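Encoded as structure tokens, the structure appears first; notes follow it.
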Amino acid sequence: MNNTIKLAVASALLAAASSANAGIMIPAGDWTLDIGGVVNAYYTSTRVTGDAVDLRGGISSTGTKTVSNITTGLLPNYLSVSGKTRQNDLDVGFTISINPGASTNGSGYQGSQQENRQAFLTFGDASWGSIKLGKDLGIYASDAILNDMTLLGVGSGAGSLAGNTTTLGRIGSGFMYADWKSQVAYSSPNWNGFSFTVGLTQAWDPRAVTSNAVLGGFPRGGSQPAYEGKASYAWAGDFAGKVWVSGLSQNVEDTGLGQDDRANAWDIGATVNVAGFGLTGYYGQGEGTGTGVLFAGGYDAAGKARDSDDWYLQGTYTIPGVGTKLGVSYGESTLDFNNSEGGSDFSNRMWTVGAYHPLTKHLNLVAEYSDVKSEDNNANLEGKSKTVSLGAILFF
């Protein structure tokens with residue numbers, strides 16, 4: 001299985017899926033192919049009251065309703081083919097993945113329901129590191145989502161994203177989405193637990209994130225690559241864990257009044273595991289980067305950057321002899337309006353409780369309950385959504 005999925009499994013719910021990080025290995029001449037993936041689906045029931053949460057963080061008035069769907073969770077379905085070989089004293093590899101959804105909501109029309117999240121090559125050596133070229137998970141905030149327990153579940157968004165390839169998990173209610181980006185990145189060797197990655201990523205054009213009626217702001221483009229990086233230290237033993245920091249900086253052109261600006265973000269996090277207990281803490285800050293997905297609401301109508309922050313706490317416990325992991329987490333994402341707009345804020349807050357049971361070494365049963373509250377204090381809008389989800393996720 002490709003490295004991103006391995007890290008996702010290991011970071012999110014190690015006890016529930018630790019045996020699911022070996023794909024189907026096939027020798028092929030000079031190459032070794034690794035075929036792996038994920039299949040998951042959930043029945044969800046979401047009760048929305050007040051003002052419903054929008055994908056980009058905004059809210060719109062809907063009243064009260066209950067929506068039930070059968071959908072993919074935060075992880076899309078995956079089919080990934082990786083290959084590796086040793087040539088001319090270099091480790092050479094590639095990964096290509098396809099990511100179909102498991103949700104339909106239109107008679108006689110399947111929709112796109114398809115993503116292609118990974119298409120990259122790597123080369124390097126254990127003595128000096130590796131270089132990646134192509135499309136893969138972004139560098140900034142990647143550890144935030146890979147340590148989120150809803151990675152093997154649903155989290156938020158099940159009621160509003162029927163027909164999509166994924167739900168939102170804790171995206172926009174505890175951390176910024178790392179997303180899948182074209183990049184040129186260098187990763188260092190592992191020095192007794194310490195490693196780092198730095199890279200240039202394709203600049204997100206904020207014009208692709210349309211202005212939101214609640215969050216406001218005009219579209220603006222970026223023509224220079226973004227700079228991203230992260231560093232981490234991990235250790236094993238009876239008291240195992242990891243700490244990390246990451247950051248992002250991108251030039252933003254024409255913020256609305258003809259001037260350029262630079263959007264910046266940073267984060268810090270830690271996770272520890274001892275005697276079946278796990279604890280994860282995360283905090284991130286941004287200026288001009290918006291909330292939920294990059295640049296959503298990052299600037300006001302006058303072209304001035306807005307500040308934002310994200311944080312979540314998560315605790316888990318794995319029942320000895322059974323393997324079931326129980327978890328609870330709480331997180332918030334806040335976007336601060338500028339003084340000229342009234343100086344208030346927009347926020348998403350979410351509680352999640354979940355149970356993740358390894359029915360077999362590759363198959364996990366999942367039950368979750370997520371409670372989201374969204375507030376726009378400038379417009380005096382408030383929305384709530386409560387989602388129950390039951391389903392299964394299979395790794396191979």
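Worth pointing out:
- Approximating the spin labels as points 7 Å out from Cα along Cα→Cβ, the residue 353-to-residue 123 distance works out to 5.4 nm.
- The spacing between region 307-375 and region 179-202, judged by their C-alpha centroids, is 26 Å.
- Protection proxy ranking of 175-181, 386-392, 284-290 - average other beta-carbon atoms within 10 Å, highest first: 284-290, 175-181, 386-392
- The packing ranking, built from the mean of other Cβ atoms within 10 Å per residue, places the peptides 69-82, 233-246 in the order 69-82, 233-246, highest first.
- Packing rank of 365-371, 145-151, 223-229, 26-32, where each peptide gets the mean count of other beta carbons within 10 Å, highest leading: 145-151, 365-371, 223-229, 26-32
- With each label modelled as a point 7 angstrom along the Cα→C-beta vector, the residue 190-residue 49 pair spans 4.8 nm.
- Cβ-based exposure ranking for 230, 304, 65, in which fewest neighbours within 10 Å come first: 65, 304, 230
- Label zone at residue 79, where the point sits 7 Å out along the Cα-to-Cβ direction: region 23-37 residues whose backbone N lies under 16 Å: 24, 34-37
Any read-out appearing in this document is the output of simple, stated calculations on the displayed coordinates, not a laboratory observation. All of these numbers come straight from a predicted model, not from anything done at the bench. Here Cβ is always computed from backbone atoms with ideal geometry, including for glycine, and neighbour counts include all displayed protein chains.
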